[in-house]
Amino acid sequence: MVDTSDLHARGLRRRQQMFGEADVAQRMAAAGEFGAPLQDIINAYVYGDVWERGGLSDQIRSLVMLGITAASGKPAEFRVHAKGALANGCTPAQVQDVLLLVAMYCGVPAAIETSRIAAEVFGAVAAEE
């Protein structure tokens, strides 16, 4: 078995920075012991490895995740990544442009609910600009 403890610790730190400790703890505990192996994979490989690579900025990764989750009809995951995008410095205008691309290439229904979610998450930021 490969020791992934360093990847796991690094991924958990990144995840907590992006989403907050309370939200991460809640998501990790949601499926109890049954979900623990999946959470270990998410921490080690998704956030400890892929999110730590240098090829893309955190902002670009967040915008890509918003496009992926919107296009694939995953509004709950979109909400999580919208909060992460906000923490990573994405602007309301960037998110709006991503959702317009989703609407054009994947269909308007894919962008409707996620636009509402983005308005909720980014609403205070947009009002300050």
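The table that follows gives values for the structure above.
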item: Test item: Cα-centred dipole of the chain, Lys/Arg +1 and Asp/Glu -1 on Cβ, debye; result: 120 debye
item: Exposure proxy order (Cβ contacts within 10 Å, fewest to most) of THR114, THR4; result: THR4, THR114
item: Computed helical MRE - 222 nm, the chain, DSSP H runs ≥ 4 contributing -39500 (n - 2.57), nearest 500; result: -24000 deg cm²/dmol
item: Correct choice for semi-axes √(5λ) of the Cα gyration tensor in Å that was computed from the model, options (1) 27, 15, 14; (2) 26, 21, 11; (3) 45, 22, 10; result: (1)
item: Fewest-first ranking of VAL46, VAL80, VAL108, VAL102, using other Cβ atoms within 10 Å as the exposure measure; result: VAL108, VAL46, VAL80, VAL102
item: Overall form of the range 1-53 per C-alpha gyration tensor (a/c, 1.5; a/b vs b/c); result: oblate
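Quick note: the coordinates plus some simple rules give every number you see, no bench work behind them. Everything numeric here is computed off the predicted structure, so don't read it as measured data. Ideal geometry is used to build each Cβ from the backbone, glycine not excepted, and the neighbour counts take in all protein chains shown.
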